[in-house]
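Remarks on the structure that follows.
The values are calculated or read from the model by the stated rules, or taken from the named source; none is laboratory data. Since the structure is predicted, the reported quantities are computational estimates derived from the model, not experimental observations. Positions of Cβ are generated from backbone atoms using ideal geometry, with glycine treated the same way; all protein chains shown enter the neighbour counts. Just the protein is used for accessible areas: all its heavy atoms, side chains included, with ligands, DNA and RNA removed. Shrake-Rupley method; radii C 1.70, N 1.55, O 1.52, S 1.80 Å.
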Amino acid sequence: ISYCFWMGATEVTQAQYSALMGSNPSAFLGASRPVDQVSWFDAVAYCSALTSQQAALNNVPQGYQYRLPTEAEWEYACRAGTTTEFNVGPDLFCNHAKFAYSYHSNSNCWTYGSLSVGSYASNAWGLHDMHGNLGEWCLDTYADYTAGAVTDPFVTGGYYRMFRGGSWNDVSHKCRSAQREFTHRNFTSAIIGFRVVLAPILVP
């Protein structure tokens with residue numbers, strides 16, 4: 001990644017979403033819980049509204065916008081300099097994140113629904129819930145990776161959109177830093193939310 005960007009320390013909360021959008025579609029209600037049951041279009045609309053709001057306050061650098069992270073931005077931020085399967089190391093245990101089952105300790109971690117953002121320790125860069133709690137929409141269209149190294153990868157133009165990170169209902173391997181999931185853009189679920197980045201303008 002050849003440019004600077006900023007990422008929200010947490011998933012967008014229901015309080016943040018309802019304050020800006022005037023509604024709260026979530027299944028698991030709580031002001032400090034992440035907003036869920038938002039489609040990719042809903043998440044993009046929130047980012048657009050946030051950009052407009054903050055640009056009016058002169059808080060958006062020239063050439064930047066609030067938007068969903070690309071897959072590359074998301075994984076780079078999730079890893080926070082690590083090369084292991086998870087940003088906490090090679091294993092994911094129940095005390096690391098909100099998810100359903102740890103194959104590393106053969107432990108049932110499952111409880112129904114999301115938790116308030118920041119309920120678990122952050123990664124090395126201060127970002128919470130990059131593993132578990134809710135899966136997070138990314139800006140990209142689904143595409144297979146290319147064989148070689150790529151600078152600033154971003155794919156668009158397709159129907160299916162990516163989400164990352166795993167959720168409260170996923171097993172440990174679904175929460176890996178490199179795990180890729182995709183679904184259609186209108187899909188809503190109590191296992192998917194999003195976080196925002198302040199980053200160079202991209203057209204999805």
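Could you please give the count of residues in the stretch 1-50 that are basic (Lys, Arg) and touching a Lys or Arg at 6+ places or on another chain (Cβ under 9 Å)? Don't jump to the end; show me each part of the working.
Our first condition is that a residue be basic (Lys, Arg); within the stretch 1-50, this holds for 33.
After this cut, where a residue has to be touching a Lys or Arg at 6+ places or on another chain (Cβ under 9 Å) as well, the list is none.
The total comes to 0.
Here is a list: 26, 18. Which entry is closer than 24 Å to residue 119 by Cα and touching a residue at least 60 places away in the same chain (Cβ under 8 Å)?
Details: 18 fails: touching a residue at least 60 places away in the same chain (Cβ under 8 Å).
None of the other options fit; the residue is 26.
Look through the stretch 81-96, keep the residues that are under 19 Å from residue 134 (Cβ atoms) and out of contact with any strand residue (DSSP E or B) (no Cβ under 7 Å at 6 or more places or on another chain), and return whichever of them is least open to solvent (accessible area, probe 1.4 Å). If you could, list the steps in order and put the result at the bottom.
Step one: of the stretch 81-96, the residues under 19 Å from residue 134 (Cβ atoms) are 86-88, 92, 94-96.
Within this subset, residues satisfying the condition of being out of contact with any strand residue (DSSP E or B) (no Cβ under 7 Å at 6 or more places or on another chain) are 86-88, 95-96.
Working: 86: 1, 87: 31, 88: 70, 95: 115, 96: 55 Å².
Per the stated criteria, the residue is 86.
Which residue is nearest to residue 74 (Cα to Cα), if the candidates are limited to the stretch 13-28 and must be part of a loop (DSSP other than H, G, I, E, B) and in contact with a helix residue (DSSP H, G or I) (Cβ under 7 Å, 6 or more places away or on another chain)?
At the first step, the residues of the stretch 13-28 found to be part of a loop (DSSP other than H, G, I, E, B) are 22-28.
Add one more test, that the residue is in contact with a helix residue (DSSP H, G or I) (Cβ under 7 Å, 6 or more places away or on another chain), and what stays is 24, 26.
On the way: 24: 25, 26: 23 Å.
Residue satisfying both the conditions and the ranking: 26.
Just checking, which of 140, 144 is under 15 Å from the mean Cα position of the chain (by Cα) and of a type in the set (Asp, Glu)?
Working: 144 fails: under 15 Å from the mean Cα position of the chain (by Cα).
Every option except 140 fails the conditions.
So which residues in the stretch 176-204 are open to solvent by less than 10 Å² (accessible area, probe 1.4 Å) and within 25 Å of residue 15 (Cβ to Cβ)? Before you say what the answer is, go through the steps one by one.
Going residue by residue through the stretch 176-204, those that are open to solvent by less than 10 Å² (accessible area, probe 1.4 Å) are 177, 192-195, 197, 199.
Listed by number, the residues that qualify are 192, 193, 194, 195, 197, 199.
Pairs only if they're at least six apart or on different chains, beta carbon under 6 angstrom, first in the stretch 29-51 and among the hydroxyl-bearing types (Ser, Thr, Tyr), second part of a loop (DSSP other than H, G, I, E, B) and surrounded by fewer than 22 Cβ atoms within 10 Å (Cβ to Cβ); list them, first residue then second.
The qualifying pairs are 32/116; 39/186; 39/188.
Within the stretch 1-11, is there a residue that is of a type in the set (Val, Ile, Thr), farther than 16 Å from residue 134 by Cα and part of a helix (DSSP H, G or I)? First the steps, then the outcome.
Here is the first cut: in the stretch 1-11, the residues of a type in the set (Val, Ile, Thr) are 1, 10.
Subsequent filtering for residues that are farther than 16 Å from residue 134 by Cα retains 1.
Then drop every residue that is not part of a helix (DSSP H, G or I), which leaves none.
No, the stretch 1-11 contains no residue that is of a type in the set (Val, Ile, Thr), farther than 16 Å from residue 134 by Cα and part of a helix (DSSP H, G or I).
Could you check, for the stretch 59-76, whether at least one of its residues is without any contact (Cβ under 8 Å) to a residue 24 or more places away in the chain, touching a strand residue (DSSP E or B) at 6+ places or on another chain (Cβ under 8 Å) and assigned to a helix (DSSP H, G or I)?
Scanning the stretch 59-76, I find no residue that is without any contact (Cβ under 8 Å) to a residue 24 or more places away in the chain, touching a strand residue (DSSP E or B) at 6+ places or on another chain (Cβ under 8 Å) and assigned to a helix (DSSP H, G or I), so the answer is no.
Could you say which residue among 157, 135 is at pLDDT below 95 and either closer than 30 Å to residue 2 by Cβ or among the basic types (Lys, Arg) (or both)? Write out each step before concluding.
On the way: 135 fails: at pLDDT below 95.
Result: 157 is the single residue among 157, 135 that is at pLDDT below 95 and either closer than 30 Å to residue 2 by Cβ or among the basic types (Lys, Arg) (or both).
Pairs please, first residue from the stretch 136-159 and open to solvent by less than 50 Å² (accessible area, probe 1.4 Å), second anywhere and among the basic types (Lys, Arg), Cβ atoms under 6 Å, 6+ apart in sequence or on different chains.
136/164; 136/195; 138/164
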